[in-house]
Amino acid sequence: MANLIDFDKNNINGGGYHGYDIPDHTRETLEHYLLDGESPGGFVSAMLALDMQRALQSADIANRNCIWIIGRWILEHAPEGSWGSYEQIKFWINDVGGRRSTYRDKLEKEYVWRSLGEKTHA
């Protein structure tokens, strides 16, 4: 299925936050984590847990250059319950309370409605 998470929809002028974008490999990691419950690995886990010391220590060059963009996206756009601590990450991965499933279902429905709307306007 197409990308369900639109990382660009709230970016300023379509060019990321002030011209910076989340690196593609980090977008993929976030998407697999948020939609499928895949463990996000060291850097993204640290970002989601708000563990900035670990995030800075484990960031590759691409992520280090835009760490504030990734943090801002998580705070502004990642669903409630998917970030905030390592415990929250574990709960999200295990779909405790069905939050991850509910989030994925919502995005899938939005995607279908967007697709239908694009077809009727074509």
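Nothing in this text is a laboratory measurement; each read-out follows from the coordinates by a stated rule. Just so it is clear, the structure is predicted and the values come from calculations on it, not from any experiment. Note: ideal-geometry Cβ built from the backbone for every residue, glycine included; neighbour counts use all protein chains shown.
Some points to look at:
- If you sort the three axes of the alpha carbon gyration tensor as a ≥ b ≥ c, you get a/c of 1.5 or more for segment 33-74 and a/b above b/c, which makes it prolate.
- Under the simplified labelling scheme, the Tyr86-Asn65 pair shows an inter-label distance of 3.1 nm, with each label point 7 Å from Cα along Cα→Cβ.
- As a calculated quantity, the FRET efficiency between Arg54 and Glu31 at R0 = 30 Å, using C-beta atoms, amounts to about 0.90.
- The listed peptides 51-62, 32-43, ordered by packing as a protection proxy, come out as 32-43, 51-62 (highest mean of other Cβ atoms within 10 Å first).
- For segment 12-121, the fraction of alpha-carbon pairs in successive 10 Å shells from zero, as %: 14, 42, 31, 11, 2
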